[in-house]
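First comes the structure, then the notes that go with it.
The values are calculated or read from the model by the stated rules, or taken from the named source; none is laboratory data. If you're wondering where the values come from, they're calculated on a predicted model, not measured in any experiment. Ideal geometry is used to build each Cβ from the backbone, glycine not excepted, and the neighbour counts take in all protein chains shown. Accessible surface areas use protein heavy atoms only, side chains included; no ligands, DNA or RNA. Shrake-Rupley method; radii C 1.70, N 1.55, O 1.52, S 1.80 Å.
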Amino acid sequence: MPANRKLGIATVCLSGTLEDKLDAAAAAGFDGVEIFENDLIASALTPEAVRTRCADLGLAIDLYQPFRDFEAVPPDLLQANLRRAEQKFDVMERLGADMMLVCSTVHPESVDDDDLAAEHLRLLASRAADRGVRIAYEALAWGKHVSAYDHSWRIVRRADHPNLGLCLDSFHILSRGSDPAAIRVIPAEKLFFLQLADAPHLDMDVLQWSRHHRLFPGQGAFDLPRFLDLVLNSGYDGPLSLEVFNDIFRQADPRVAAVDALRSLLSLQESVERKGSAFAEDPTDGLPPPPPLEGFAFVEIGTGRDSEREVSGVLDVLGFTQTGLHRSKPVALWEQGSARVLVNSAAEDAAMTEVAAIAVESADPATSARRAERLLAPVLPREHRADEADLAAIAAPDGTSVFFCRTDVDESWLADFAPTANPPAADAGLTVVDHVALTQQTDDFDGAALFYRTVFGLHPEVPAEVAAPFGLVRSLSMTDAAQRVRIALSVSAVRRGDWAPGVRNPQHVAFATGDITRAAARLSERGLLLQLPGNYYDDLEARLDLPQDRLALIRSHSLLYDRDEHGEFLHCYTPVLGSRIFFEVVQRIGDYSGYGALNAPIRMAAHRRARLVPRQ
């Protein structure tokens, strides 16, 4: 795909006034915008001022939209529509826009007559040509008579006017289950505009689906790489533009949403190129492929004065050894097997705990960092001494710091820690960090999933929804091909009022083991094992009919259990430590790759009970 392909966004994708939206689109790096009519109507700026502002921001006005309910209507309505169109052409002239989107009609008085629709659109195109404007006709998925792109093409072909072409919208095509392969027969000169949107698979009215649940590319379930490949191989040479209606995006900070939007387009371009599209002649400008990841290098827990003692005490019970102290910062290194945890006690809040940073082992840290920066990840400034490792750091959408590093090199980050000479603790059999679970704010969830998918090159696993004690919780886990790096994201779908969990945004780190009973026994001896209700084990017995000795072992060690056709999963938890951190120990048997999602409500309820009864 040529590196100079223009990228655009419809102003309807973003929150705020038109001025806010234009500023956000330009700051993110978009080349152009579609001006949504409602945004212009509500703006205090004149069309001339909008034109000037866009020019000053380096934004082209690629499209003015939408113009509705035009074709195949009675004569009196046609005349009113033509008058309305001429007024919009006046506005477009003042804006400096030369293309208008016309949606297939939903007007109740329109008729199902392709010849009449073509006649009316040809008349509109002739009027538009006199004003230097082109008409892009779009089949709405809920159009009264025209709802499929191939039908809209037949009408445009019948109208046969050089100023009339098609707008192809991925949502309108893919939401209907239409096969986009027939796009290849449409002449390139008739492909006037392309709008891109993803979406989850939902069984609902398509209009409501479109108005509230569209997503940026890569956040949903549509096969957009194939769709885009077909359009580009048909010779389309216009901008790639996003048109996404989403309730959350339209309430979120437009600057953040615009960055997510552009990141999604860059990733979509890459996916078309990497799969060997016949159209892709050059790689995406400056975007290297993600280097392989080889696991977690460390997880950093931010703590305060009191919570540092609590977190360190639990690590000790779990068999970790404090092996080093940072030479210039209040950070301790704890190790067991290949699992490493940094405990940073610099927080002013004495009880604070959080996952402050995650570091992943990259085959090429410099390339990973360059890819992250190219995908608009904020680069974090880091203070370090000349003799300390200069690790590239970026910020995830929730503010978590992310590092790319290699631990097995001569000048490793481990050299920043002075050895403590502490004797190794009694081994509890923990081997590696299995996964890190991060609760997101509602506004950040989709953006976080996009971030880890594009920047890290992770693949989304099957999403889950659980009915938790405090409402519905959505979760989505991401992993690399080798399943060495797993990130589990979750979000409370709705939160209203003051009745809420005491820990609103919990986070946890899970450690893998080959024998979970060792770690569970050690936690139990110190009163640090989360206790589960007997009802859970009674239900487990009823559902799965486990051997009695197996069930007794699970019950006596307060373990949670899951299984599928690939294997089994045992896991246990500590209570919440400080403000919102807890640890999990997991044992995967066979090829089980999930996270025991059905057990999440049991764990949440147990954590609430544990908070209500202070530990002795």
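Just one residue in the set PRO506, PRO533 is at pLDDT below 95 and either closer than 29 Å to GLY399 by Cα or in contact with a helix residue (DSSP H, G or I) (Cβ under 9 Å, 6 or more places away or on another chain) (or both); that residue is PRO506. Does ARG250 qualify as being under 26 Å from GLN440 (Cβ atoms) and not in a loop (DSSP other than H, G, I, E, B)? So ARG250 does not fit the description; no.
For the range 206-223, filtering for residues that are within 12 Å of VAL244 (Cβ to Cβ), assigned to a helix (DSSP H, G or I) and free of Cβ contacts under 8 Å to residues at least 60 places away in the same chain leaves 3. Could you tell me which residue of the range 379-395 is farthest from the chain's Cα centre (by Cα), considering only residues that are at pLDDT 70 or above and of a type in the set (A, V, I, L, M)? Ranking the candidates gives ALA389 first.
Results for (1) touching a residue at least 40 places away in the same chain (Cβ under 8 Å); (2) among the polar types (S, T, N, Q); (3) under 21 Å from VAL33 (Cα atoms), shown as yes or no for each residue.
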| residue | (1), (2), (3) |
| --- | --- |
| ALA117 | yes, no, no |
| ARG122 | yes, no, no |
| GLY132 | no, no, yes |
| LEU140 | no, no, yes |
| ILE155 | yes, no, no |
| ALA182 | no, no, no |
| ASP203 | no, no, no |
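Just one of (1) over 17 Å from ALA117 (Cβ atoms); (2) in contact (Cβ under 8 Å) with a residue 24 or more places away in the chain fails for PRO74. It is (1).
Every listed requirement among (1) open to solvent by 60 Å² or more (accessible area, probe 1.4 Å); (2) closer than 17 Å to PHE445 by Cβ is met by GLN208 save one, (2). Hey, can you tell me all the residues within the range 342-374 that are open to solvent by 20 Å² or more (accessible area, probe 1.4 Å), out of contact with any helix residue (DSSP H, G or I) (no Cβ under 7 Å at 6 or more places or on another chain), more than 16 Å from LEU438 (Cα to Cα) and not in a helix (DSSP H, G or I)? Once the filter is applied, which keeps residues that are open to solvent by 20 Å² or more (accessible area, probe 1.4 Å), out of contact with any helix residue (DSSP H, G or I) (no Cβ under 7 Å at 6 or more places or on another chain), more than 16 Å from LEU438 (Cα to Cα) and not in a helix (DSSP H, G or I), the range 342-374 yields ASN344, ALA346, ALA347, GLU348, ASP349, GLU361, ALA363, ASP364. When GLN65, GLN79 are screened for being within 30 Å of HIS107 (Cα to Cα) and surrounded by fewer than 16 Cβ atoms within 10 Å (Cβ to Cβ), only GLN79 passes.
For the range 579-596, a residue qualifies if it is in contact (Cβ under 8 Å) with a residue 60 or more places away in the chain, assigned to a loop (DSSP other than H, G, I, E, B) and among the charged types (D, E, K, R), and exactly one does: ARG580. Residues in the range 412-445 that are of a type in the set (A, V, I, L, M), in contact (Cβ under 8 Å) with a residue 24 or more places away in the chain and open to solvent by 20 Å² or more (accessible area, probe 1.4 Å): LEU414, ALA415, ALA418, ALA425, ALA426, VAL432. Return a yes/no flag: does the range 425-437 have any residue that is touching a Ser or Thr at 6+ places or on another chain (Cβ under 9 Å), more than 18 Å from GLY337 (Cβ to Cβ) and modelled with pLDDT of 95 or more. The answer is yes, given that some residue of the range 425-437 is touching a Ser or Thr at 6+ places or on another chain (Cβ under 9 Å), more than 18 Å from GLY337 (Cβ to Cβ) and modelled with pLDDT of 95 or more.
Is it the case that the range 164-172 has a residue that's in a helix (DSSP H, G or I), surrounded by fewer than 18 Cβ atoms within 10 Å (Cβ to Cβ), in contact (Cβ under 8 Å) with a residue 12 or more places away in the chain and out of contact with any Cys (no Cβ under 8 Å at 6 or more places or on another chain)? Within the range 164-172, not a single residue is in a helix (DSSP H, G or I), surrounded by fewer than 18 Cβ atoms within 10 Å (Cβ to Cβ), in contact (Cβ under 8 Å) with a residue 12 or more places away in the chain and out of contact with any Cys (no Cβ under 8 Å at 6 or more places or on another chain).
Selection of first residues in the range 77-90 that are more than 17 Å from GLU48 (Cα to Cα) and of second residues that are open to solvent by 70 Å² or more (accessible area, probe 1.4 Å), restricted to Cβ pairs under 8 Å at least 6 apart or on distinct chains, gives the following pairs, ordered by first then second residue: LEU77/GLU109; LEU82/ARG127; ALA85/ARG127; GLU86/ARG127.
Taken residue by residue, the range 475-484 has at least one member that is open to solvent by 30 Å² or more (accessible area, probe 1.4 Å), modelled with pLDDT of 80 or more and among the charged types (D, E, K, R). Residues in the range 423-453 that are of a type in the set (Asp, Glu) and over 24 Å from ALA258 (Cβ atoms): 2 in all.
For residues that are assigned to a helix (DSSP H, G or I) and in contact with a helix residue (DSSP H, G or I) (Cβ under 9 Å, 6 or more places away or on another chain), scanning just the range 91-116, find the one that is surrounded by the fewest Cβ atoms within 10 Å (Cβ to Cβ). Among residues in the range 91-116 that are assigned to a helix (DSSP H, G or I) and in contact with a helix residue (DSSP H, G or I) (Cβ under 9 Å, 6 or more places away or on another chain), the one surrounded by the fewest Cβ atoms within 10 Å (Cβ to Cβ) is ASP115. With respect to the conditions (1) within 18 Å of GLU243 (Cβ to Cβ); (2) open to solvent by 40 Å² or more (accessible area, probe 1.4 Å); (3) touching a Pro at 6+ places or on another chain (Cβ under 9 Å), LYS144 falls short on a single one, namely (1). Within the range 456-491, the set of residues being in contact (Cβ under 8 Å) with a residue 40 or more places away in the chain and over 24 Å from PHE511 (Cα atoms) comprises ALA467, PRO469, PHE470. Restricting the first member to the range 100-112 and to residues that are within 12 Å of VAL146 (Cβ to Cβ), and the second to residues that are β-branched (Val, Ile, Thr) and surrounded by fewer than 17 Cβ atoms within 10 Å (Cβ to Cβ), no beta-carbon pair is closer than 7 Å while six or more apart or on different chains.
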